[in-house]
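One structure below.
The values are calculated or read from the model by the stated rules, or taken from the named source; none is laboratory data. What you see is a predicted model; the values in this text were computed from it and never measured. Cβ placement follows ideal geometry from the backbone for every residue including glycine, while neighbour counts extend to all protein chains displayed. Keep in mind that these areas ignore ligands, DNA and RNA; they rest on the heavy atoms of the full protein, side chains included. Shrake-Rupley method; radii C 1.70, N 1.55, O 1.52, S 1.80 Å.
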Amino acid sequence: MARLIAAVLLASALAFAGAVHAETAPAKNPQVQTAREASDEATVRVAEDAFQQRGFEGLAEHQGKLLDVLAHAPDAFPAMERRGRTVILRPFRTERALILSLMSADANPGLKTVAVYDTYPMAAFLLGSLNVQLQRPEAAIAALDKGLALQPAEPVLITEKGAALILLKRP
């Protein structure tokens, strides 16, 4: 029975993940995402793909562009935000979109919910991870702190900052 429930939940999550991805394309609507955010998203996605395909060597090739993205990050980029009749979700990972969407629907009945890429925290994470790998903890912490300023409760950013602090012998 437990396997059946797990299979149904997995199928639901995968179906929803497809729906979230489909919602991401129209997110370039100026009310949801600025032109700058759309451009920065494209830059971070390319860097993330390079990391997934070639590891830290691939990611290192995009370090300068990721620094540029973080340099013009907005003052606020919350994981969940309401703009008019739309709730914007920025899940760090697609799996989290399901939870955020359910929370949004419960808290905001009748509003449109759109999931978009978590551009600036992801850029901070990629830079932080690269700098931890290169044994440059101060640079890692600087990048991760920018991401944490936007989303202070993001566990992936907190954990990566912990890795940088360990390099500094400040666990």
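The simple spin-label model puts a point 7 Å past each Cα toward its Cβ; for ALA71 and ASP49 those points are separated by 2.4 nm. Given LYS65/LYS169; LYS65/LYS112; LYS65/LYS161, which pairs have Cα atoms separated by over 25 Å? In this structure, LYS65/LYS169; LYS65/LYS112 exceed 25 Å between Cα atoms. Sorting LEU127, LEU167 by solvent-accessible area of protein heavy atoms yields LEU167, LEU127, largest first, with a 1.4 Å probe. Computed on protein heavy atoms with a 1.4 Å probe, the accessible areas place PHE125, PHE77, PHE51 in the order PHE51, PHE125, PHE77, largest first. Between THR159 and ARG36, the C-beta separation translates, for a Förster distance of 25 Å, into a calculated FRET efficiency of about 0.30.
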